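Worksheet for the structure shown next.
The values are calculated or read from the model by the stated rules, or taken from the named source; none is laboratory data. From a predicted model like this one, the values you see are computed outputs, not experimental measurements. Ideal geometry is used to build each Cβ from the backbone, glycine not excepted, and the neighbour counts take in all protein chains shown.
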Amino acid sequence: MPPAGRAALLVLADGRFPAGGHAHSGGAEAAVDAGRIRDAGTLSDFCRGRLHTAGLVAAALAAAAATGLDPVLLDEAADARTPSPALRVTARRLGRQMMRAARAVWPSPELDALAAARPRGVHQPVVLGLAARAAGLTPLDAAHAAAYESVSAPATAAVRLLGLDPFQAAAVLARLAPALDRVAGQAALAAQQALHEGVDALPAASAPLLDIAAERHAGWPVRLFAS
């Protein structure tokens, strides 16, 4: 990959990319309230579990979109893999924001066509994958960006929710790096299989506790994060 491609990956994965992720905790707010995240150790456990479930699914959807699979079919596959109505709403809200940012940064006929086909929004990992494709990135790059986002959001949120030392949160992410690489590789391989076998080849890892917590969190009258 040319150096410009690597720079594009840094832009896409940067927490300052205006895709709306800063307003979402990735389930961390509900987990803190329930006592499942209390410190750096429990944050690590939460992030590892999220990486291998919701993170794997998001990474595979992003990689599949970056390979050129039909994003409308992928959006339907994302719906089927997201049993929580609250999480479907969140995924589409984030998808709309990602779409705005991606079309501004990397104009693409594919992004334009998807926005027209799905005016009410598309699951965020699918848009992320198309954005990676528009930026000249590989499916593996898209998988890395999605997998990293699945753990960086809770880690960042925990700093605000618990007053956790930012250095400890950063250490959690750094120690997850080998697992993140493995999940991204698994996701990219599944995306290649989906080219020949269809979207059913993509992983459908479940995280029932995340789904239940998301529904509960959505009903809170006061909350710091949107999800």
| Among the candidates VAL127, VAL122, which residue alone is under 16 Å from the mean Cα position of the chain (by Cα) and outside any helix (DSSP H, G or I)? | VAL122
| request: Please work out which one of (1) surrounded by 21 or more Cβ atoms within 10 Å (Cβ to Cβ); (2) without any contact (Cβ under 8 Å) to a residue 60 or more places away in the chain; (3) of a type in the set (Phe, Trp, Tyr) is the condition PHE167 fails and give its number. | output: (1)
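Output the residues belonging to the range 202-227 that are more than 19 Å from the chain's Cα centre (by Cα) and free of Cβ contacts under 8 Å to residues at least 60 places away in the same chain.
GLY219, TRP220, PRO221, VAL222
Take the residues in the range 218-227 that are small (Gly, Ala, Ser) and in contact with a His (Cβ under 8 Å, 6 or more places away or on another chain); name whichever of them is surrounded by the most Cβ atoms within 10 Å (Cβ to Cβ).
Here the residue is SER227.
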| remark: Expected single match for modelled with pLDDT of 95 or more and either more than 19 Å from GLY121 (Cβ to Cβ) or crowded, with 22+ Cβ neighbours inside 10 Å (or both) among ALA19, ALA59 is ALA59
| query | Which condition number does LEU137 fail, the rest of (1) within 18 Å of the chain's Cα centre (by Cα); (2) part of a helix (DSSP H, G or I) being met? | reply | (2)
| task | For residues that are in a helix (DSSP H, G or I) and buried (at least 18 other Cβ atoms within 10 Å of the Cβ), tally how many sit in the range 187-206. | result | 6
| request: Look at ARG175 and say whether it is surrounded by fewer than 21 Cβ atoms within 10 Å (Cβ to Cβ), closer than 23 Å to GLY41 by Cα, basic (Lys, Arg) and free of Cβ contacts under 8 Å to residues at least 40 places away in the same chain. | output: no
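Does GLU215 satisfy the condition of being more than 15 Å from LEU56 (Cβ to Cβ), surrounded by fewer than 24 Cβ atoms within 10 Å (Cβ to Cβ) and in contact with a Pro (Cβ under 9 Å, 6 or more places away or on another chain)?
yes
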| Which members of the range 65-81 meet the condition of being among the hydrophobic types (A, V, I, L, M, F, W, C), farther than 18 Å from ARG92 by Cβ and part of a helix (DSSP H, G or I)? | ALA66
| query | ASP39 is checked against (1) at pLDDT 95 or above; (2) within 25 Å of ALA194 (Cβ to Cβ) and fails just one. What number does that condition carry? | reply | (2)
| message | Tell me whether the range 33-41 contains one or more residues that are acidic (Asp, Glu), over 22 Å from ALA134 (Cα atoms) and surrounded by fewer than 18 Cβ atoms within 10 Å (Cβ to Cβ). | response | yes
| query | GLY35 fails exactly one of the following numbered conditions: (1) outside any helix (DSSP H, G or I); (2) touching a residue at least 24 places away in the same chain (Cβ under 8 Å). What is the number of that condition? | reply | (2)
